[in-house]
């Protein structure tokens with residue numbers, strides 16, 4: 001397991017120029033899809049997206065993210081919320097936290113974070129004998145068609161990850177009880193998510209929803 005804290009005498013200026021490898025560029029297609037399968041909480045997901053975007057723009061793997069800066073980037077409020085989210089990201093092997101020696105007479109240490117791309121996270125989790133995907137996604141592990149469809153639905157209709165899962169399970173022809181069993185949620189929770197999906201798609205029936213999903217995917 002990756003430790004929560006490491007102390008290294010690192011020059012931040014040198015640490016900031018470690019580039020993304022060509023195959024790990026977070027802006028390339030496919031990683032947006034992978035973000036949906038990282039089993040992050042909503043807070044963790046917001047923090048991770050912000051940290052990944054910032055390091056990607058700077059062409060670096062390491063960033064110094066204070067709680068205040070992360071609040072500015074994400075709109076999240078509360079230092080305790082940020083701290084819990086960061087601990088969650090470290091424990092899920094999405095980032096690594098280091099304490100590096102800063103410049104100046106007093107040699108104060110500051111926290112910096114090494115931010116991994118989604119594909120790297122999956123690899124790290126497997127190496128640590130952790131499940132790379134959340135349990136509701138394991139049935140689709142390696143199914144790129146499902147993942148691409150899920151990404152498209154989320155981006156086109158501003159659905160949450162769970163709402164997209166419910167919508168696509170509905171398109172598979174599953175009943176509410178079967179969707180609940182697949183996603184490890186109650187039938188009542190499934191119905192609640194499905195109502196939200198209907199509103200966002202502007203439909204009233206499952207048949208209309210499925211028709212929209214097929215049109216969106218380009219299916220005949």
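The values are calculated or read from the model by the stated rules, or taken from the named source; none is laboratory data. Worth saying up front: this structure is predicted, and the values here are computed from it rather than measured. Heads up, the Cβs are rebuilt from the backbone with ideal geometry, glycines too, and the neighbour counts pull from every protein chain shown.
Here are the numbers:
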| item | result |
| --- | --- |
| Tabulated pairs, the range 190-205, first farther than 11 Å from residue 176 by Cβ, second surrounded by fewer than 15 Cβ atoms within 10 Å (Cβ to Cβ), C-beta under 7 angstrom, 6+ apart or interchain | 198/204; 200/158 |
| Sole residue being closer than 19 Å to residue 161 by Cα and at pLDDT below 75, chosen from 89, 38, 47, 52 | 38 |
| Members of the range 169-191 that are surrounded by fewer than 19 Cβ atoms within 10 Å (Cβ to Cβ) and within 19 Å of residue 212 (Cα to Cα) | 172, 173, 174, 175, 191 |
